[in-house]
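See below for the structure under consideration.
The values are calculated or read from the model by the stated rules, or taken from the named source; none is laboratory data. Everything quoted here is computed from the prediction, not taken from an experiment. Reconstructed Cβ throughout: ideal geometry from the backbone, glycine too, with neighbour counts over all protein chains shown. Side chains are part of the model used for accessible areas, which takes the heavy atoms of the whole protein and leaves out ligands, DNA and RNA. Shrake-Rupley method; radii C 1.70, N 1.55, O 1.52, S 1.80 Å.
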Amino acid sequence: MPGDLGQRTGGPMKRPLGIAVLGLGWMGQAHSRSARRIPMHFPDRSYDPRLVVCADPDPGRRAAASDDFGFSRVTDDWRSAVTADDVDVVFVTAPNMLHLPMIEAACAAGKAVFSEKPIGGTPDHALRAWRMAQEAGVPTGVGYCYLWSPLVLHARHLIQSGALGEIVHYKGCFLSMYGSDPLGLLTWRFMMDQAGYGVSSDILSHSVALAQFLIGEVSEVVGMARTTIPQRPLPSGNASHYGTGSPSDPVGEVENEDFASMLCSFDNGATGTFEASRTIVGPESRNAFEVYGTRGSLSWDHERINELRYYSGSDPTNSGYTTIFGGDRFPFHGAFVPGKANSIGFEDLVTIQDHSFLESLATGEQFSPGFDEAVAVVGVQQALIDSWASRSWQRVSDLRSNP
Ligand SMILES: NC(=O)c1ccc[n+]([C@@H]2O[C@H](COP(=O)([O-])OP(=O)(O)OC[C@H]3O[C@@H](n4cnc5c(N)ncnc54)[C@H](O)[C@@H]3O)[C@@H](O)[C@H]2O)c1
């Protein structure tokens, strides 16, 4: 076919994949940029991503979608975007409580679906989304983008190779300042009907996904939650998520948790501690873990995304941690920049993730993390929520076996 990119170099035909993006906010833009960048970073891919349609109720974002991001069409009706014949895969990047209806519609239309985390704002929504995808048999992906960090992948390799010995303790946290200003507006993340739960859905989910990816399933939890800034100024019009009000503005109630923490046990016997906050002052995006084994330990912090810290207890001359810098010796890094200690960033992780998902669609390989892994994270969230009410330890159950 004239103009088909698959014939450009005489290489194998690339499968065109039409993409719908539902919501062009932070993550909708990140995925859209990924689709534009993937051909330059991953020339050996089996597909060609095509930004077919973007749905957003905001006219300014629709204009940006067509003028700046290069979508073929824009609409304010996400349902029409999902069912369009030229759409193969739907990216769900709207506020959390819209994820379930969007996923249900994508599944009903037989489209592959990549949902930003959480796949549902509440455990019930997430389970229903998983069930719908199971019944429809469509490929799924979920946006735990930190799992795709080349140094996180290397950490997993070190753990699985036994370099740390037996894993005995895991410490995970996601401490963010996005809600730390009490004058920060009462936007969707603070509202139950738009976000569902607070940090347990929003950022603790990233920490739990990382832990389960690195060392295995969580089996039992006890935890607590707090709303530390109970009221915020009401937004007017289409206020930015990061906008601030003034002390004289009318206020409304924050409806979900700003802080959550938990103690846990893992299936493999390791212990764990987790904490997540959106109102803390200091850590700006500290999505971090420490893994302790009988022969060594590792730590990583997204604020220093290009550094993995490694302590080898096997080396008798060793004292203190070694810093392993990112570089093209680790998976995917060289697709962005050659050499060693030349940095990559957050959106590069999104691009690695999106490429891996789209490649799996083109080749028919199973993609992970998909909705199965998302429901495993939500099983931990449900046990945590139960422990807030019971003030006691709760076993984590596999929600997929619930009727
Ligand atoms: N993986 C990550 O690291 C990460 C980071 C940030 C956000 N997220 C997730 O991405 C999702 C979006 O978060 P965000 O920060 O991009 O939010 P955002 O507020 O920046 O953007 C949300 C967008 O959705 C649009 N929208 C609202 N109602 C809509 C509708 N009915 N149809 C279509 N679009 C609609 C809004 O106009 C806005 O453009 C959330 O689920 C969030 O949890 C993931």
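Being assigned to a strand (DSSP E or B), open to solvent by 10 Å² or more (accessible area, probe 1.4 Å) and out of contact with any Phe, Trp or Tyr (no Cβ under 6 Å at 6 or more places or on another chain) is the filter here, so list the residues in segment 13-45 that pass it. The answer is Pro16, and nothing else. Residues that are among the hydrophobic types (A, V, I, L, M, F, W, C) and over 12 Å from the mean Cα position of the chain (by Cα) within segment 146-160 comprise Leu151, Val152, Leu153, Ala155, Leu158, Ile159, listed in sequence order.
When you go through Pro182, Pro233 one by one, which is the residue that is open to solvent by 20 Å² or more (accessible area, probe 1.4 Å), at pLDDT 95 or above and over 22 Å from Pro369 (Cα atoms)?
Of the residues listed, the single one that is open to solvent by 20 Å² or more (accessible area, probe 1.4 Å), at pLDDT 95 or above and over 22 Å from Pro369 (Cα atoms) is Pro182.
Suppose we keep only residues that are open to solvent by 30 Å² or more (accessible area, probe 1.4 Å) and in contact with a strand residue (DSSP E or B) (Cβ under 7 Å, 6 or more places away or on another chain) within segment 330-341. Which one would you say is farthest from the ligand (Cβ to nearest atom)? Checking each candidate, the answer is Lys340. Here Arg309 meets the list (1) part of a strand (DSSP E or B); (2) open to solvent by less than 50 Å² (accessible area, probe 1.4 Å) almost entirely, failing just condition (2).
When the helices (runs of 4 or more DSSP H) confined to segment 74-164 are screened for residues that are closer than 23 Å to Leu210 by Cα and open to solvent by 20 Å² or more (accessible area, probe 1.4 Å), those reaching at least 3 such residues are found at 123-136, 150-160. Residues that are assigned by TED's automatic domain parsing to the domain that holds Ser80, of a type in the set (Asp, Glu) and under 23 Å from Ala288 (Cβ atoms) are absent from segment 91-114 altogether. One residue stands out in segment 236-269 among those that are of a type in the set (Ser, Thr, Tyr) and farther than 30 Å from Ile159 by Cβ: the one that is most open to solvent (accessible area, probe 1.4 Å), namely Tyr242.
Considering segment 247-293, the qualifying strands (runs of 3 or more DSSP E), each wholly inside and each with 2 or more residues that are of a type in the set (D, E, K, R) and under 22 Å from the mean Cα position of the chain (by Cα), run over 285-293. When restricted to residues that are more than 8 Å from the ligand (Cβ to nearest atom) and part of a helix (DSSP H, G or I), segment 46-70 contains 8.
Here Ala81, Ala109 are screened, and the one residue that is more than 27 Å from Trp148 (Cα to Cα), more than 13 Å from the ligand (Cβ to nearest atom) and touching a Ser or Thr at 6+ places or on another chain (Cβ under 7 Å) is Ala109.
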